[in-house]
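The values are calculated or read from the model by the stated rules, or taken from the named source; none is laboratory data. Note that the structure is predicted; figures quoted are calculated from it, not measured. Methodologically, a virtual Cβ is constructed for each residue, glycine included, from the backbone with ideal geometry; neighbour enumeration extends over all protein chains shown.
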């Protein structure tokens, strides 16, 4: 939407203290588990959103599909053949049950940057390709939401992200930040990291 996307601010803090109306971004696998790291904190803070994420993943695991992902990280291979929804983003709207537990009205952007986790984690190169594609998908969805806002649809105001991929997915933050800068997301983005990180 915007020819000059907002800049990226990095600051120490707690991503879960983002203002109401924000999108909280994080990377996850397609396996339907928020069991470790920042994903576990998302599950603790947003159990209703977690159930929606889990069902979304389980449905796709029951009925697998594939799609092409353009490689925006390197010249070879030009495209990656991936199992859907890897390389996409699933945005969960604010859930009333989570708000009744005292959480602000947050959208949760689940960016599928690896098919699996742990020992079956995708390679770093593939995760970076998947990340660029998931960010493109996020941008497309946000652009659509901003257009629909004029029709009275509720819309996010800003983006908050952890330093996704840099923990359990083992990608140096600087490499993911480059993909974020290239994505041109249409809302202000604050990357929040914990103290002493």
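Output the residues belonging to the stretch 63-88 that are in contact with a strand residue (DSSP E or B) (Cβ under 9 Å, 6 or more places away or on another chain) and free of Cβ contacts under 8 Å to residues at least 12 places away in the same chain.
78, 79
Here is the figure for the stretch 155-176: residues that are touching a residue at least 60 places away in the same chain (Cβ under 8 Å) and either part of a loop (DSSP other than H, G, I, E, B) or surrounded by fewer than 17 Cβ atoms within 10 Å (Cβ to Cβ) (or both) total 9. Among the residues here, residue 105 qualifies as surrounded by 15 or more Cβ atoms within 10 Å (Cβ to Cβ), touching a helix residue (DSSP H, G or I) at 6+ places or on another chain (Cβ under 8 Å), assigned to a loop (DSSP other than H, G, I, E, B) and at pLDDT 95 or above. With respect to residue 144, determine if the residue is in contact with a strand residue (DSSP E or B) (Cβ under 8 Å, 6 or more places away or on another chain), surrounded by fewer than 20 Cβ atoms within 10 Å (Cβ to Cβ) and not in a loop (DSSP other than H, G, I, E, B). When the stated conditions are applied, residue 144 does not pass them.
If you check 11, 25 for being crowded, with 23+ Cβ neighbours inside 10 Å and within 18 Å of residue 192 (Cβ to Cβ), only one passes: 25.
I need the full set of residues from the stretch 86-102 which are more than 14 Å from residue 165 (Cβ to Cβ) and surrounded by 20 or more Cβ atoms within 10 Å (Cβ to Cβ), in order please. Selection gives 88, 90, 92, 94, 95, 98. Scoring residue 60 on the criteria (1) more than 27 Å from residue 158 (Cβ to Cβ); (2) in contact (Cβ under 8 Å) with a residue 60 or more places away in the chain; (3) crowded, with 18+ Cβ neighbours inside 10 Å leaves a single failure, condition (2). Check off (1) loosely packed, with under 14 Cβ neighbours inside 10 Å; (2) more than 17 Å from residue 89 (Cα to Cα); (3) touching a residue at least 24 places away in the same chain (Cβ under 8 Å) for residue 41 and give me the number that stays unchecked. Evaluating residue 41 over (1) loosely packed, with under 14 Cβ neighbours inside 10 Å; (2) more than 17 Å from residue 89 (Cα to Cα); (3) touching a residue at least 24 places away in the same chain (Cβ under 8 Å) leaves (1) as the failure. Meeting the requirement of 2 or more residues that are at pLDDT below 95, the helices (runs of 4 or more DSSP H) wholly within the stretch 26-100 are 47-62.
Taking the residues in the stretch 1-13 that are in contact with a strand residue (DSSP E or B) (Cβ under 7 Å, 6 or more places away or on another chain) and part of a loop (DSSP other than H, G, I, E, B) as candidates, determine which candidate is modelled with the lowest pLDDT. Per the stated criteria, the residue is 6.
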